[in-house]
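Just below is one structure, and these are the notes that go with it.
The values are calculated or read from the model by the stated rules, or taken from the named source; none is laboratory data. Because the structure is predicted, anything quoted here is derived from the model rather than measured. In this analysis, Cβ positions are derived from the backbone assuming ideal geometry, glycine residues included, and neighbour counts consider all displayed protein chains. Accessible surface areas use protein heavy atoms only, side chains included; no ligands, DNA or RNA. Shrake-Rupley method; radii C 1.70, N 1.55, O 1.52, S 1.80 Å.
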Amino acid sequence: MNQVNIPPALQATLDSWVEACRSKDVASIMAHYGEDVVAYDAIGPLRFIGREAYQAHWQACMAMCPGAALFEIHQPSCLLSGDLAVLHYLLHCGGTDDKGEQQSSWMRVSQCLREQGGRWQIVHEHFSMPGDMESGKLLFDLQP
């Protein structure tokens, strides 16, 4: 795999996924995933297998965020080989709480996408939050 600038078709898929996440449209979010997706999220079970299981998780996550969503990709990188792409980036993620105050943190994201029929779909995804091994606490206040 070679590190490259994100090709236009792949960038369009990523932009569409981000917009779906910002709008909290779970059906549109899930349209970006392959049926056989395997995902590791920062919250919830250790692993999600399949679009149906991951959709239920996305619905629960969107229900936890009552206000406007923040979803911003920073420092993306792309590895590409044929019909497979690996993206990794920092994600500034959060939302407005019931008091109208924005709550957010930085996450690390890796996504593997496969092109099928001229369309890129996420087949593996991993969200993580940095943590302090000594205290066992998540580090919500880190900045890139």
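Just a few scattered comments:
- Heavy-atom accessible surface of segment 47-97: percent carbon and sulfur, 1.4 Å: 58 percent
- Cα long-axis angle, helix 8-23 against the chain (0 to 90 degrees, to the nearest 10): 30 degrees
- Long-range HN-HN contacts of residue 67 with modeled amide H, under 5 Å: 96
- Taken per residue, the accessible surface of segment 1-138 reaches 55 Å², heavy atoms only and a 1.4 Å probe.
- Between residue 2 and residue 25, the contour length at 0.36 nm per residue exceeds the alpha carbon distance by 5.0 nm.
- Dimensions in Å of the chain - Rg and Dmax from alpha carbons: 15.3, 48
- Using θ = phi - 60° in the Karplus curve 6.51 cos²θ - 1.76 cosθ + 1.60, the 3J(HN,Hα) couplings for segment 64-72 round to 6, 10, x, x, 4, 8, 10, 8, 10 Hz; x is entered for Gly and Pro.
- Leading residue at positive end of dipole, the chain (Cβ point charges), from 105, 123, 68: 123
- Taking each residue as 0.36 nm, the span from residue 108 to residue 81 lengthens on full extension beyond its C-alpha to C-alpha distance by 7.5 nm.
- 5 angstrom amide H check on residue 37, placed H, neighbours 5+ away: 50, 51
- Using only side-chain charges placed at the Cβ, +1 for Lys and Arg and -1 for Asp and Glu, the dipole size of segment 1-93 relative to its Cα centre rounds to 180 debye.
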